[in-house]
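Have a look at the structure below before the remarks.
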Amino acid sequence: MNQTARDDLDFQALMGDVRPLTRGRGRADTGRGARSPSEAQLARRESAEAELEGHGFLSDDFVDLVPPFDPLAYRRDGIQEGVVERLRHGGYAAQARLHLLRRPLEECRRSLPPFIHEAYAHDLRSVLIVHGRSQAIDGAPNVLRSYLAKWLREFPEVQAYVSAQPADGGLGATWVMLRKSERARAANRERQQKRRG
């Protein structure tokens, strides 16, 4: 008898009393049926979906990299240049700050929408975002800076943004001007009416 035949006999002797599974289409019965998700799982799922909705419009697709020494500047139609210059020179106090230094791009992408939406909801007009700047065009802070320039334009609440002066962070920080909420506009109209008499 050769070695292969002996191996076959040994295998058959070892497996002689084993029978194929008949229930469960070849799967072992673990005794538990399919359960519905727990309340905690549902809450986590709902939170994750809400988070995705909050920044889903911010694209992480290709972005043109802004050279490291070029200042960021943008203003929507109707915004006066004098307002942008005052913003650039720190003429408006920073009512809130968002620090994105040394954070991964995806975390920054998740942090930006709640910050902008909350600032707008609380009638803040000027906020400062600190993001850093790299000496190399493809350095991580410069990539974030380039995405930030792209993302801020996608918010309807953002009227303008400009790179900060050296005292406020220079090219590693960006001033953002938010539009007035309807509530703030109504309060402003009321103040003007009272002033007129």
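The values are calculated or read from the model by the stated rules, or taken from the named source; none is laboratory data. These numbers were taken from a predicted model, which means no experiment stands behind them. FYI the Cβ positions are ideal-geometry reconstructions off the backbone, even for glycines, and counts take in every protein chain you see. With ligands, DNA and RNA removed, areas are computed over all heavy atoms of the protein, side chains included. Shrake-Rupley method; radii C 1.70, N 1.55, O 1.52, S 1.80 Å.
Over the chain, average the accessible area per residue using a 1.4 Å probe and give it in Å², no decimals. Present the calculation step by step, with values, prior to reporting the outcome.
On the way: 13250 Å² over 197 residues.
Ligands and nucleic acids excluded, the result is 67 Å² per residue.
Sticking to Cα atoms, compute the Rg of the range 129-197 to one decimal and its Dmax as the biggest Cα-Cα distance, whole number, in Å.
17.2, 58
If packing is taken as the average count of other Cβ atoms within 10 Å, what order do 59-72, 130-143 fall into, highest mean first?
My ranking of the peptides, most packed first, is 130-143, 59-72.
Over what distance in Å are the Cα centres of the range 173-197 and the range 63-137 separated?
Between the Cα centre of the range 173-197 and that of the range 63-137, the gap is 21 Å.
I'd like the antiparallel share, as a percent to the nearest 5, of DSSP beta bridges with both residues in the range 65-190.
75 percent
Summarise the accessible area of the chain (1.4 Å probe, protein heavy atoms) by the percent that is carbon and sulfur.
On the way: 6740 of 13250 Å².
Using a 1.4 Å probe with all protein chains present, the chain comes out at 51 percent carbon and sulfur.
Compare Gln12, Gln165, Gln80 in a GNM of the chain, Cα atoms joined below 10 Å, and give the one with the largest fluctuation.
Judging by the Gaussian network model, the answer is Gln12.
How far apart, in nanometres, would the label points at Ala136 and Asp77 be if each is projected 7 angstrom from Cα along the Cα-to-Cβ direction?
Each label point is offset 7 Å from its Cα along the Cβ direction, giving 4.1 nm.
Report the residues of the range 108-148 in range of a label on Glu190: point 7 Å along Cα→C-beta, backbone N strictly under 20 Å from it.
120-125
Roughly what percent of Cα-Cα pairs across the chain reach past 21 Å? Write down the numbers at each step before the final one.
Working: 12594 of 19306 pairs.
Above the 21 Å cut-off, the chain has 65 percent of its Cα pairs.
If amide hydrogens are placed 1.01 Å from N in the peptide plane, which non-local residues have theirs closer than 5 Å to the one on Ala96?
Residues meeting the amide H criterion: Leu128.
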